[in-house]
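Input: a single structure, listed below in structure tokens.
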Amino acid sequence: MKLIECPRDAMQGLTHTVPATLKIEYLNALLRVGFDTLDFGSFVSPKAVPQMADTADVLAGLDLSSTRTKLLAIVANLRGAEQALASEGVHYLGFPLSVSETFQQRNTNKSIAQALAEVATMQKLCSEVQKELVIYLSMGFGNPYGDPYSPEVVSMFTQQLADLGIRIIAPSDTVGTATPQAIDRLFTHLIAQHPAVEFGAHLHALPGDVEAKVEAVIRSGVRRIDGALRGFGGCPMAADDLTGNLPTEGILPVLQKHELLPDLNMAAFTEAMTISREVFGN
């Protein structure tokens, strides 16, 4: 199982400012753990997400000399993509494309059609410099806005992206409402329809729902899952009351039970958990 650690998603909605020096200390500890990918920051407007205004400075402080972990940066437009593409050490660019027209406008201030046009340009730019674009399909399990939704809608978006050459797509439960049955149903449908695509699961959950959601991901055949230490996070553009990310410490025992746990440095994991208390508070 590819385990994607998402401290950026966990930090972006915090009301207190996390100093760059503390972010660097925390991210370097996470890099020593050995996750497949680290979603470390975002090149977006500091007015929209003030917590991520120091992403370039944080990146400069990361020690990439002895880690196997790849860095992923979230971007919301072409300007952010150009910054990420010019940043040494960034392997993946992540873009939030919504299957909900309402949320696409709310999250990136553009229509789905405009966003898809930008995605096509980003994909071309990424391919020219051997970087990879990861698309997060926001509202991938339904939306509270009344916009059309079904597994077939997500499949249609997936086909459009696959036609552009995009090979990693992560439907995202942006508001944390997906049930295990919905997770299983969506991914089983997508994997059957699009065998060449690597699907990831980006889920939000209340504490009591974590194990069942991870079990559904595994059962459906997905082998790429996002988590964040201590389960903080959520999209500040989606709701006032954020439903947190899947806590990484809750994902690990389920993966271990199914013999899918990657080889991780657990001493570094413990160190990162300790530092996380300073980042997020007790």
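The values are calculated or read from the model by the stated rules, or taken from the named source; none is laboratory data. Because the structure is predicted, anything quoted here is derived from the model rather than measured. As a convention, Cβ positions derive from the backbone with ideal geometry for all residues, glycine included, and neighbour counts pool all protein chains shown. The protein model used for the area step is the full one, side chains on, heavy atoms only, and it has no ligands, DNA or RNA in it. Shrake-Rupley method; radii C 1.70, N 1.55, O 1.52, S 1.80 Å.
Could you please let me know if THR67 is open to solvent by 10 Å² or more (accessible area, probe 1.4 Å), of a type in the set (S, T, N, Q), over 17 Å from PHE280 (Cα atoms) and part of a loop (DSSP other than H, G, I, E, B)?
yes
Take GLY231 and tell me if it is more than 30 Å from GLN130 (Cβ to Cβ), open to solvent by 60 Å² or more (accessible area, probe 1.4 Å) and among the small types (Gly, Ala, Ser).
In short, no.
I'd like to verify a number: residues in the stretch 11-38 that are farther than 25 Å from GLY200 by Cβ and part of a loop (DSSP other than H, G, I, E, B), how many?
Going through the stretch 11-38 one residue at a time, the tally reaches 5.
Does the stretch 121-140 contain at least one residue that is in contact (Cβ under 8 Å) with a residue 40 or more places away in the chain, open to solvent by less than 20 Å² (accessible area, probe 1.4 Å), under 19 Å from PHE43 (Cβ atoms) and assigned to a helix (DSSP H, G or I)?
yes
With respect to VAL90, determine if the residue is in contact with a helix residue (DSSP H, G or I) (Cβ under 7 Å, 6 or more places away or on another chain) and open to solvent by less than 60 Å² (accessible area, probe 1.4 Å).
When the stated conditions are applied, VAL90 passes them.
I want to confirm something. Restricting to the stretch 172-184 and keeping residues that are crowded, with 23+ Cβ neighbours inside 10 Å and over 16 Å from GLU215 (Cα atoms), which single residue is modelled with the highest pLDDT?
Residue satisfying both the conditions and the ranking: SER172.
Being open to solvent by less than 20 Å² (accessible area, probe 1.4 Å), at pLDDT below 95 and closer than 27 Å to ILE135 by Cβ: is that true of ALA238 here?
yes
Just the residues that are at pLDDT below 95 and open to solvent by less than 20 Å² (accessible area, probe 1.4 Å), please, taken from the stretch 142-171.
The answer is GLY142, and nothing else.
In the stretch 144-165, how many are over 21 Å from GLU118 (Cβ atoms) and not charged (D, E, K, R)?
8
Take GLY34 and tell me if it is of a type outside the set (S, T, N, Q) and buried (at least 24 other Cβ atoms within 10 Å of the Cβ).
no
So MET1 ticks every box in (1) farther than 16 Å from GLY281 by Cα; (2) buried (at least 24 other Cβ atoms within 10 Å of the Cβ) but one. Which box is left unticked?
Evaluating MET1 over (1) farther than 16 Å from GLY281 by Cα; (2) buried (at least 24 other Cβ atoms within 10 Å of the Cβ) leaves (2) as the failure.
Can you pull out the residues in the stretch 93-115 that are open to solvent by less than 30 Å² (accessible area, probe 1.4 Å) and farther than 29 Å from GLY61 by Cα?
Across the stretch 93-115, the qualifying residues are LEU97, SER98, VAL99, SER100, PHE103, GLN104, LYS110, SER111, ILE112, ALA115.
Considering only the stretch 166-188, I want to know if a residue exists there that is touching a residue at least 60 places away in the same chain (Cβ under 8 Å), assigned to a loop (DSSP other than H, G, I, E, B) and within 24 Å of ALA113 (Cβ to Cβ).
The answer is yes; a qualifying residue exists.
Which one of these is out of contact with any strand residue (DSSP E or B) (no Cβ under 9 Å at 6 or more places or on another chain) and aromatic (Phe, Trp, Tyr): TYR145, TYR136?
Answer to the selection: TYR145.
What residue, of VAL222, VAL217, is part of a helix (DSSP H, G or I), open to solvent by less than 10 Å² (accessible area, probe 1.4 Å), in contact (Cβ under 8 Å) with a residue 24 or more places away in the chain and of a type outside the set (D, E, K, R)?
Unique residue meeting the criteria: VAL217.
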